[in-house]
Amino acid sequence: MILVRAEEADLPRLLKFRTDASAWLSELGTDQWAKPFPASHILASVLRGEVYLAKEHLEKDAAATITLDRDADLSVWTPAEAAEDAMYVHKLAVDRAYAGTGLGTQLLDWAGHEAARQGARFLRLDAWTTNSRLQAYYVARGFTHVRTNTDALVVSGWAAQRPSRHAEHGFDVRHLEQPNG
């Protein structure tokens with residue numbers, strides 16, 4: 001499996017990850033990602049070089065996506081925590097055809113490795129406040145629950161972190177290039 005940076009042309013696929021995940025999550029009884037996420041926000045992350053795609057081959061459709069940045073959501077993280085050197089996982093999604101293969105774990109391991117490589121102390125994420133299954137998934141992968149913001153306006157208020165660490169992630173990253181501009 002290779003990891004590549006998403007490009008502007010990948011925006012329709014990135015949006016499809018969200019709609020597909022929303023449909024699957026709805027079947028599980030959660031409203032996570034039911035509200036469409038603004039394409040302009042995803043595109044901005046793509047243009048900053050923060051969005052990655054996992055693929056079997058360069059010519060293949062993406063199997064998964066992850067966004068990795070230093071953007072602390074201040075509705076989840078305190079100002080003191082936001083000032084710490086950390087990287088944040090956003091919008092992790094795996095195509096249902098790859099469900100159960102460990103690809104999500106592999107992406108989290110890569111993100112933790114990349115955070116360590118860039119000198120960040122923590123790998124952090126937030127998860128849907130009412131999705132206990134997703135929260136358990138992250139805890140099983142070494143994340144520690146920090147707090148949950150229960151404000152009704154903060155739907156993704158379950159905050160967790162783990163120390164960043166160099167790890168074997170199994171991705172071929174030779175195709176990663178710096179973003180344009």
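The values are calculated or read from the model by the stated rules, or taken from the named source; none is laboratory data. It should be emphasised that the depicted structure is a prediction, and the values quoted were computed from it without experimental measurement. We place every Cβ from the backbone using ideal geometry, glycine too, and count neighbours over all the protein chains shown. All accessible areas refer to the heavy atoms of the entire protein, side chains included, with ligands and DNA or RNA removed. Shrake-Rupley method; radii C 1.70, N 1.55, O 1.52, S 1.80 Å.
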Checklist outcome for this item: Counting only residues in region 35-70 that are in a loop (DSSP other than H, G, I, E, B) and either of a type in the set (Lys, Arg) or in contact with a Phe, Trp or Tyr (Cβ under 8 Å, 6 or more places away or on another chain) (or both), the one modelled with the lowest pLDDT is identified as Lys35
Checklist entry - When region 133-163 is examined, which residues are found to be of a type in the set (A, V, I, L, M), surrounded by fewer than 16 Cβ atoms within 10 Å (Cβ to Cβ) and under 17 Å from Gln106 (Cα atoms)? => result Ala136, Val139, Ala140
Checklist outcome for this item: Just one listed residue, out of Thr130, Thr19, Thr65, Thr105, is in contact with a Ser or Thr (Cβ under 7 Å, 6 or more places away or on another chain), in contact (Cβ under 8 Å) with a residue 12 or more places away in the chain and either among the hydroxyl-bearing types (Ser, Thr, Tyr) or exposed (fewer than 14 other Cβ atoms within 10 Å of the Cβ) (or both), and it is Thr130
Checklist outcome for this item: From the option list Arg124, Arg96, single residue qualifying as open to solvent by 50 Å² or more (accessible area, probe 1.4 Å) and basic (Lys, Arg) is Arg96
Checklist entry - under 23 Å from Arg117 (Cβ atoms) and touching a helix residue (DSSP H, G or I) at 6+ places or on another chain (Cβ under 8 Å) - does that describe any residue in region 41-50? => result yes
Checklist entry - Taking the condition surrounded by 20 or more Cβ atoms within 10 Å (Cβ to Cβ) and within 15 Å of the chain's Cα centre (by Cα), does Leu53 pass? => result yes
Checklist entry - Has region 22-32 got any residue that is of a type outside the set (A, V, I, L, M, F, W, C), closer than 17 Å to Ser156 by Cα, outside any loop (DSSP other than H, G, I, E, B) and touching a residue at least 12 places away in the same chain (Cβ under 8 Å)? => result yes
